Amino acid sequence: APMKIGVLVPLTGDLQSYGEPALKATQLAAKEINAAGGVMGEDVQIASGDTQTSPQPGVSAAQKLVNVEGVSGIMGALSSGVTIPVAQSVSKPGKIPQISSASTSPVITSLDDGDFLFRTVPSDAFQGVALSQITADKGYKTVSIIYINNDYGKGLAEAFTTAFEKQGGKVASTVAYEKGQPAYRGELQQADKGDPEALVLIGYPENGQTILRQALEGGYFRNFVFTDGMKAPELVENLGAEYLNGSVGTVPQARDDSPGAQHFSTAYEEAYGAVPPKPYLDTAYDAFYLMALAAEAAGSTDGVAIRDHLREVANPPGEQVGPGEFEKAVKLLKAGKDIDYEGASGSVNFDENGDVPGTFGEWTFEDGKIVTKRIFEPTMPK
Amino acid sequence: MTDILQLLVYGLVLGSVLTMGAIGVSMIFGILRFAHFAHGDFMTLGAYLGLTFISAFGLSAWWALPAAMVGMAVVAVFIDQVLYRRIRRTQPVILLIASFGMALILRSLVQLIWGSDNQSYATGIQFPWRLDWLGGIRLKPDHLWIVLISLGLVMAVHLFLTRTRLGKAMRAMSDNMDLALVSGIPAERVIMVTWVIGGALAAAAGVFLGIDTRLHPVMGWSALLPVFAATILGGIGRPYGAIAGGMIIGVSMEMSTLIIPAAYKPAVAFAIMVGMLILRPQGIFKGTV
Amino acid sequence: MIQIDNVSKTFGGIQAVRGVSLEVAEGSITGLIGPNGAGKSTLFNMVAGLFPPSEGRVLLDGRDITGLPPHKLFHLGLVRTFQIPHEFSRMTVRENLMVVPPGQSGENLFNAWLRWGRVKQEDSAVLDKVDDVLDFLEITHVADELAGNLSGGQKKLLDLGRTMMTDARMVLLDEPGAGVNRTLLGKIREAIQRLNRERGYTFCVIEHDMDLISALCDPVHVMANGELIASGAMTELRRNEQVREAYLGGGMSGQMGENARPSNQGDAS
Amino acid sequence: MTSLLEARDLYGGYGGVDILQGTNLRVEPDEIVVIVGPNGAGKSTAMKAVFGLLRIRAGEVLYKGEPITNAKPEQMVKRGIAYVPQEKNVFPSMTVRENLEMGAYLMKGDLSKRLDKVYTLFPKLAERRRQQAGLMSGGERQMVAMGRALMIDPELLMLDEPTAGLSPLLIDETFERIKEINAQGIGVLMVEQNAKQALAIADRGYVLATGRNRHEDTGPNLLADPEVAEMFLGG
Amino acid sequence: MELTGIASYLVSFLTFAGVYAVLALGLNMQWGFTGQFNIGIAGFFAVGAYTSAILTTPGSPAYLGGFGLPFLVGLGGAVIASTIIGVIIGLITARLRTDYLAIASIGIAEMIRLFIKNEDWLSNGVRGIAGIPRPLQGTPLDTPLGYLLVVVVFVVGVYFLVERAYASPWGRVLRAIRENEPATAAAGKDIANFRLQAFVLGSAIMGLGGGLYAHFFGFLSPEAFRPLYGTFIVWVMLIAGGSGNNRGAILGAVVVWGIWSVTELFTDMLPAEHATQGAALRVLLIGVLLQVILVLRPQGLLPEKPPRLIARQRRSR
Ligand SMILES: Nc1ncnc2c1ncn2[C@@H]1O[C@H](COP(=O)(O)OP(=O)(O)OP(=O)(O)O)[C@@H](O)[C@H]1O
Ligand SMILES: Nc1ncnc2c1ncn2[C@@H]1O[C@H](COP(=O)(O)OP(=O)(O)OP(=O)(O)O)[C@@H](O)[C@H]1O
Ligand SMILES: [Mg+2]
Ligand SMILES: [Mg+2]
């Protein structure tokens, strides 16, 4: 039977705007793999499931993918609040490998998942350090944090604070925000206390835009430091380029000069038009690719077999293969050689917890465009 | 002190938005006896209609406002005719659940038509005036307009309800629908007018919210619970109470961050509401008997 | 049995009852009449615990019951009907009556779960009683109807039926006759008399039908404008100028209404 | 001369079985017609059916010779028919005055004349014009209800138990008023349990039982009929 | 035991529906029987789920507990905790009228959710509690089917208790209260007491549902208890199924969750490029189907009918 991979992303609900590009990225991977002859000679198929950004329908959709669609592996989900219950009540008991492309919660590292849960995105613990680094590089000594009150926001805010204080910086105030509020001026007023030079805004554009607008209008802040969640072009469109110039942000990102990253962006552009500067596309692509490679290596679409071969194809040693090189990879595998996938998002080497280390990009707004300034590996300050 | 004044200003802006929603909820509850859960999505749709008028005809947001209000009034009447009218004679809770389904429908329509990303009416930021004579608080022209227009709309509704026969007929219907029929009150027309007002004000709330923040398919749904809180606070079925309710909820939500962690902000509206219900169950102004 | 001691009630600006004192003697059928809005129902509601009086006390068998809630009064043997029928709309007529009997062990959840047999048995006794009441009120044919679907008069009967479901000692009837067919009303009158005679129920009846009042009640109290203006046997009251003016109407005597239309007098009897 | 109102062979009910089983009613101009009968006979149902509040399944209703079967209540009011239901016949949270105004909703122009007329008929209402109707005593509500119906200056007044709960004085008065109203050329169709008094002022009466006409005669004749008296009027 | 794909999907589907059926039965007790308009189901649901999770997970320094206690103890704790919360809220809101109770209850539920979300010491806050054990661990029944059986046992048990309660004189008093409070009081019933009993019992059942949910999912975060999936869907189930009818509540849970899940199969037929629109279309379809049920069967699929008289058949008249 042809291999089927489930793609479990939010297509409705709060995070829907991340679901669509992630789904497209996996479709791109499938297209390329099939053009290269498919997995074990047959076209790999995608079955998509909508998590609605909530655990109950998320788990239900995952059940459907596994039991009705008969998928051999699941790519997803995006938010940790959905990824974890899916792992615990679907993947682990169903013995199906699951690779999340966006769940950055540190909880996942130590989760008892029977080794069926992987991710192609680094834990927030690392991004916090990266964030602190670029903040310090900008010369800010005192900043305030406003973060979205969920595991993502909280994890990053804590990791950042630890790192930034070690670096000699000062966090004037830390404010959690609830999503969906019509106004955030009270929060801003709180954050404004203690003369911060910049605002570290950890959140999503859905409400982040409101916060930005009200921060600017109210004269609370002019300088911002963002995380991956706020890397959204619509901010420029809606707020005006001049106000965002000079603000910086981090994002888990591969070195874009790497052949993998370049291949991905060209191929994506060809298929769907310009790559939206949103995070977690390349990670979704890689997750899908790895799943297919592992099946090819295992010579089977059985979940356990695929899981057992994931590290083999992802990690060194072995000959490096990258995006767009499926045919080559198959040949190598057929020849009994070991391979090491170097993905669009980086080297994607799974450790014993299924985590990947990572590199981060520093991005900034320049004349209404989001541009990547550099790609670096964060180092924890002493 | 300036802090407090500043937050008070913001609270009034938020309060205006909530008031626009709450008057509609209150009137619909008064006449049709159910909590209209699609009202938040009425606000959303109204805001997006405004967006369409802005981009299609190049109107400014303020001119799109009346257009959106008219559009939403039509939509509201349409929805009532195709759906609510058919189940009006059943229990109110059926209508409530139906309105909940309608909320889902509207939200997914907005998403299908306009997509799910953030949008806004105008690019750029409007910087506020600094009022030095008022402790240096900042006041944005948009905010001033929002509050003033809300006031105007509230006055209009007030005059309509107290001065016109149709307005009084609305109260009669909310009291005793059967007897209203028997008295020759054209019930269907009154209901239609209720939806016209409710829909138009919801659109105003949506457009105000859009001007003040951004457009998003769940923008209205998120504001629904505070709107209900405002309705309750003012006393169900009491449109004037809704004004006080809206302002109190708006101001206290904005001010709450002074004393409690911001993460608990949404609870403020509820806490006030629950406290209110326990101490004075009829609302500030006695709700209908 | 009941002693109303200088009771008053004000609603906002309206003084509905002003300093009324009266007594309902054990075993009597006491009437309470008076023009519309005189405060009769208000007085009843205070005795029955629907709301407390603004001033004054109510005693039952010498015990102060002022402000006790209705369910407690019920267990002291005090039951009432409502002027505007209060039926349980989406329950059948039969169920409406089955609710009433006190001390049903099935009203305790644990009995309902664990002692089903006993609950069943009790219910069947209740049912017998219900059937008797239904028969008596001539509404057996609608026993399985939802009470909300009854006609106006049927609802009044049902309300009355509820008071017959219990061993009350003191029954307050608020206009049992309004809207009830006169033939049936005659039977209700007999039932009241029988309950009074045979079971010793005490009644206090508000009613505007003078036929019923004069056939049934002694003594009768008259209220007007929130005050008690007269008390006594009906025959005396008919001669009381104040009562006639306030309530009975100018030329009335004997069978009500007939003097008002002398031309029809012959036909009516 | 055509009858003011004529209902022929009405069949209808509340969904399930027909409550009305071929009911016939007729009101001539200037007539007072009274319907009596046991509780649950279908009297109120017949009134509701005539007034368009209930679907008539078979049969027809004519008003001044024109068919009005199943017309909307609004139409009825416009044609000059006023109806006072048996239960829930006031707007509880509105004041007495507002209740009356609602009665005249379809009337254009100045209401004060009409209001005055009702106030003279029921002085108590003038006194209480600002009170909420829901807080009034049972009898007071009946007055409000009647007053509301009279606000349109009807040609046909349909009353469902107008004297239920009224004091004897007011019952007399009410019947007096009804006679007065009738004397002004308004036809009256009413359901009454105060059968003796009602039939006494009636031109004609119907006895209804289980949805069918059982007797029809002049008021005095029905009163005199021993069977009717025994079965329906309380002896 | 091996199950084919469809069968195991069905197993999981039914487990879901079963958990929701428990919630719907709890709501039926409050709304269907007594007329208490509780739209704060999510609050009791969450309290039950978290209590059971804290009691049964292995110890953690991050949050209160866990105590590593057995499954049944966890469920017992869930019931007790939600009972306690039910008593408190029931007493606070005792005097409130229907519509007011509704709004107060949703407010309280949101406050509970925010509390769970922000008080890390208790619930691990936004990070949630992971690794909640399934029952029957170490037995051959530690499978999805095994858990379905556990859920079914509880649904049947709750159904039995609730149905008995409904048919008993106790249930009769509740329905009387629903219809007319003053008259019920005049009939000697302590309405406040009965109302409280019904509210608390309903809350306890919801707490039980929460416990079953926690052990089914293995992971809890405050996100699961937002109003849409914590409260409204349960209302939709009860109303569509037939409020006042316990079988209706169960049927409603199955049908509505069915609609929620099965619509996905339809939109899957759209080409993959349109997946996003497909998802929105699906929500649209859910909304429309819901309206169709309401318009065609406003009393629900199984309308309330007065319970059969529990006593012997009355003599024929
Ligand atoms: N809740 C209330 N609020 C304000 N006024 C009230 C209230 N209840 C009764 N009243 C007023 O108190 C007065 C007495 O009312 P009550 O119902 O006791 O009269 P009644 O003697 O029973 O008259 P009827 O024979 O017409 O039933 C009336 O004028 C009524 O309007
Ligand atoms: N809304 C309703 N739904 C179903 N059945 C009803 C409804 N209203 C009345 N009925 C039934 O119709 C029959 C006739 O009722 P109707 O109200 O016409 O009686 P009525 O003659 O006016 O009696 P009464 O003198 O007691 O007012 C009764 O048996 C009653 O149960
Ligand atoms: Mg009275
Ligand atoms: Mg009748």
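The values are calculated or read from the model by the stated rules, or taken from the named source; none is laboratory data. Worth saying up front: this structure is predicted, and the values here are computed from it rather than measured. Ideal geometry is used to build each Cβ from the backbone, glycine not excepted, and the neighbour counts take in all protein chains shown. Heads up: the accessible areas ignore ligands, DNA and RNA and are worked out on the full protein's heavy atoms, side chains in. Shrake-Rupley method; radii C 1.70, N 1.55, O 1.52, S 1.80 Å.
General remarks:
- In order along segment C:165-170, the phi-based Karplus estimate (6.51 cos²θ - 1.76 cosθ + 1.60, θ = phi - 60°) of 3J(HN,Hα) comes to 7, 9, 8, 7, 10, 10 Hz; Gly and Pro are listed as x.
- Ligands, DNA and RNA aside, D:Leu111 has an accessible area near 30 Å² when probed at 1.4 Å.
- Spin-label pair D:Ala58/B:His158, simplified geometry with 7 Å Cα→Cβ offset, distance in nm: 6.0 nm
- Calculated on C-alpha atoms, the gyration radius of chain E divided by its Kirkwood radius gives an Rg/Rh of 0.99.
- Measuring r between the beta carbons of E:Leu122 and D:Asn70 and using R0 = 60 Å, the FRET efficiency lands at 0.40.
- Database remark: amide H of D:Ser167 closer than 5 angstrom to the amide H of C:Asn36 (H placed geometrically; neighbours at sequence offset of 5 or more, or on other chains; Pro and chain starts carry no H).
- Between A:Thr174 and A:Ile145, the built amide H atoms are under 5 Å apart, and every one of these is 5 or more places off in sequence or on another chain.
- Cross-link pairs beyond the 30 Å C-alpha cut-off, checked among A:Lys4/A:Lys328; C:Lys156/D:Lys48; C:Lys40/D:Lys196; D:Lys48/D:Lys179; D:Lys48/D:Lys117; D:Lys72/D:Lys124: D:Lys72/D:Lys124
- For the protein assembly as shown, the solvent-accessible area works out to 34 Å² per residue, with a probe of 1.4 Å and every protein chain left in place.
- Spin-label model, C:Thr140 to A:Ala274: label points 7 Å out along the Cα-to-beta-carbon direction sit 8.7 nm apart.
- Mean Kyte hydropathy of 0.0 or more with a Cα span along the axis of at least 27 Å, helices from DSSP in chain E: E:5-27, E:71-92, E:98-118, E:144-167, E:191-217, E:246-267, E:275-296
- Column: log10 I(q)/I(0), Debye, Cα scatterers of the protein assembly as shown, q = 0.03, 0.05, 0.08 Å⁻¹: -0.17, -0.47, -1.03
- Partner shielding of D:190-198 amounts to 5, given as the average count of beta-carbon atoms from other chains within 10 Å of each residue beta-carbon.
- Peptides D:17-27, C:13-23 ranked from most to least packed, by the mean per-residue count of other Cβ atoms within 10 Å: D:17-27, C:13-23.
- If you count Lys pairs in segment A:44-181 whose Cα atoms are under 29 Å apart, skipping same-chain pairs closer than 8 places in sequence, the total is 15.
- Derived scalar couplings ³J(HN,Hα) [segment A:325-339; Karplus, 6.51 cos²θ - 1.76 cosθ + 1.60; whole Hz; x for Gly, Pro]: 10, 5, 4, 4, 4, 4, 4, 4, 5, 4, 7, x, 8, 7, 10
- Cα gyration tensor shape of segment D:7-83, rounded if a/c is under 1.5, else prolate or oblate by comparing a/b with b/c: oblate
- Counting only alpha carbon atoms, the long axis of helix C:152-163 and the longest principal axis of chain C meet at about 70°.
- Straight-line cross-link reach from B:Lys168 at under 17 Å between alpha-carbon atoms covers these lysines, not counting any fewer than eight positions away in the same chain: D:Lys108.
- Largest-first ordering by accessible area, 1.4 Å probe, given options D:Glu98, A:Glu187, D:Glu227: D:Glu227, D:Glu98, A:Glu187
- Length gained when the stretch C:Leu114-C:Arg239 is fully extended (0.36 nm per residue, less Cα-Cα span): 38.7 nm
- Folded to 0 to 90 degrees: helix B:2-32 orientation relative to chain B principal axis, Cα: 10 degrees
- FRET efficiency, D:Lys78 to E:Leu296 (Cβ-Cβ, R0 41 Å, nearest 0.05): 0.75
- Modelled label reach - E:Ile80, point 7 Å along Cα→Cβ, segment E:189-208 residues with backbone N closer than 13 Å: none
- Qualifying aspartates and glutamates (Cα of each under 16 Å from Cα of C:Lys120; at least 8 residues distant if same chain): C:Glu95, C:Glu107, C:Asp128, E:Glu163
- Only beta bridges with both residues in the protein assembly as shown are counted; by DSSP, about 50 percent of them are antiparallel.
- Working from label points 7 Å from Cα in the Cα-to-Cβ sense, the C:Ser21 to C:Arg199 distance is 3.4 nm.
- Relative to the dominant Cα principal axis of chain D, helix D:168-183 is inclined by about 80°.
- For the pair A:Gln320 and A:Ala36 in one chain, pulling the backbone fully straight at 0.36 nm per residue adds 100.5 nm over the alpha carbon distance.
- Computed from backbone phi, the HN-Hα couplings of segment C:48-53 come to 7, x, 5, 8, x, x Hz, rounded to whole numbers (Karplus: 6.51 cos²θ - 1.76 cosθ + 1.60, θ = phi - 60°; Gly and Pro given as x).
- Beta bridges by DSSP in chain A, antiparallel share as percent, to the nearest 5: 30 percent
- Peptide C:88-94 has a mean shielding of 5, counted as Cβ atoms of other protein chains within 10 Å of each residue's Cβ.
- Probe 1.4 Å - accessible area at B:Trp114, Å² to nearest ten: 60 Å²
- Using a 1.4 Å probe over protein heavy atoms, the accessible area lost on pairing E with B, summed over both chains, comes to approximately 3600 Å².
- For segment A:1-72 versus segment B:115-184, the gap between their alpha-carbon centres in whole angstrom: 46 Å
- Taking amide H atoms as placed 1.01 Å from N in the peptide plane, the amide H of A:Val121 lies under 5 Å from those of A:Val356, each 5 or more residues away in sequence or on another chain.
- Top positive-direction residue, dipole computed over the protein assembly as shown with Cβ charges, set B:Gln119, A:Ile33, A:Phe365: B:Gln119
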